[in-house]
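Reading through the C-alpha cells given below for one structure.
Read-outs throughout are calculated quantities, based only on the coordinates presented, and are distinct from any laboratory measurement. Keep in mind it's a predicted model, so treat the numbers as computed, not measured. All Cβ positions, even for glycine, are placed from backbone atoms using ideal geometry, and neighbour counts span all protein chains on display.
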C-alpha cells in the first residue's frame, strides 16, 4: 500500500516536471520571436529632427549652415517701406498684345499699394532694369539698384467665356487669378505670398469686337482679384517688426 502511494507520488512529480519544462521551452521560443520582431526594420527609431540635409548632394547647392541661417532669419522693415512692383506675363497670349489692359492693371496695383498705411514710395520696376532671365537673384539685384525695401511680384491668369441669357444682351465673363509674392530685398528671402481670384462680368457694347469685350471682362475680373489681395498684404506689412535705419 505504502509502495503504491510512493509510486503514484513519483509519477505526479515527473508529470509536473515535464509540464514545467514545456512551459520553459515555450517561453524561450516566445522570447526568441520577440527578439526577431525588435530587429524588424519597421521598429527602427524614427528621426524627427535634423540640423543637416539627409541628402549630402544638397550641400553643393546650399550648405546646411546657410539653410539654418535662412530659417532663423526674421524680416524687419523700415517704418515707411519702399516698394517696387513687377508684373509677370500670364500664359495667355492675349496679354502680350493687350498693352492697355496690362498698363491699367499695373497702375491699379501701384495705386492700391500706395494706399497701405506703411507704404512709402511705390513704383513699378522700370523695364530697363529687368534682366533677360527672370531669376530671384537678378530680380533682387534690380530691386536693390532701384533702392527698394520690398519687391512685389505678381502674375495674372484669366479664363474668359461668353454667356447669352434669353432676351438679354450678351454678357462677357472672365475668371481671373493673381498669384503674388513679396521678396525682401535686404535678405533675399520670400516672407509672404498669397493668391486671389474673382469674376468679372461686362455687357456687350455697341460695335465692340469680341477681343475688346474679352479684354474688358478680364480687366474687370483682375481689378476685383486685386482688391481681394489688398487686405492680406496690408496685414502682413502691419505685422512685420520695424527696422531702425537712417535714410
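Grab the eigenvalues of the alpha-carbon gyration tensor for segment 81-242, scale each by 5, take roots, and send me the semi-axes largest first in whole angstrom. It would help to have the intermediate numbers written out before the result.
Numbers: eigenvalues 210, 57, 29 Å².
Over the Cα atoms of segment 81-242, the ellipsoid semi-axes are 32, 17, 12 Å.
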Determine the gain in length on full extension of the stretch residue 124-residue 206; use 0.36 nm per residue of separation and subtract their C-alpha separation, reporting nm with one decimal. 26.1 nm
Just subtract the alpha-carbon distance of residue 79 and residue 108 from 0.36 nm times their residue separation and send over the number in nm, one decimal. 8.1 nm
Pairwise centroid distance, computed over Cα atoms, of segment 186-247 with segment 60-75, Å: 31
Fully extended, how many nm does the chain gain between residue 137 and residue 238 (0.36 nm per residue separation, minus their Cα-Cα distance)? 33.7 nm
Would you mind putting 75-81, 170-176, 212-218 in packing order, based on average other-beta-carbon counts within 10 Å, highest first? 212-218, 170-176, 75-81
Which distance in nm do the two modelled labels at residue 66 and residue 54 give, with both placed 7 Å along the Cα-to-Cβ direction? 2.3
